[in-house]
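Data first, discussion second: the structure below is written as structure tokens.
The values are calculated or read from the model by the stated rules, or taken from the named source; none is laboratory data. Keep in mind that what you see is a predicted model, and the values were worked out from it rather than measured. Neighbour counts are summed over all protein chains in view; Cβ atoms, including those assigned to glycine, are modelled from backbone coordinates with ideal geometry.
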Amino acid sequence: MELYAPIFVLAGIGAAFVAVSMLVGSLAGPKRYNRAKLQPYECGIEPTPQPAGGGRFTIKYYMAAMLFIVFDIEIVFLYPWAVHLNQMGLFALIAMLLFLVNVSIVYAYEWRRGGLEWD
């Protein structure tokens, strides 16, 4: 159990910080609410009415999300490989080349589908 003590201490410090921050914010924050402050705000643009079940997202949203995930995972795998390149052999080089080929296929798919065009 003593191995988990630092984790519990860190979790306790984090929970205490959240509680104190919320308490100080509620005590020190302004309390002047009006109708304009209670309305939703969307980057200075009047919010558009949405259907009851929410709106439909365009495919561009999902394409951008997929692009982010693919290239985020690519960096997660490439960084440790690049750091320890001298210690790994030919097998690691071939494995990384196959990985980069797979990522390149996804990149080409995104490019062809228009996921890189921000209209």
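Summary of values
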{"quantity": "Scope the range 22-64; condition assigned to a loop (DSSP other than H, G, I, E, B), of a type in the set (A, V, I, L, M, F, W, C) and modelled with pLDDT of 80 or more; matching residues", "calculated": "none"}
{"quantity": "Cβ-Cβ under 6 Å pairs, at least 6 apart or on other chains, the range 67-94 side without any contact (Cβ under 8 Å) to a residue 24 or more places away in the chain and in a helix (DSSP H, G or I), far side surrounded by 13 or more Cβ atoms within 10 Å (Cβ to Cβ) and not aromatic (Phe, Trp, Tyr)", "calculated": "Trp81/Met96"}
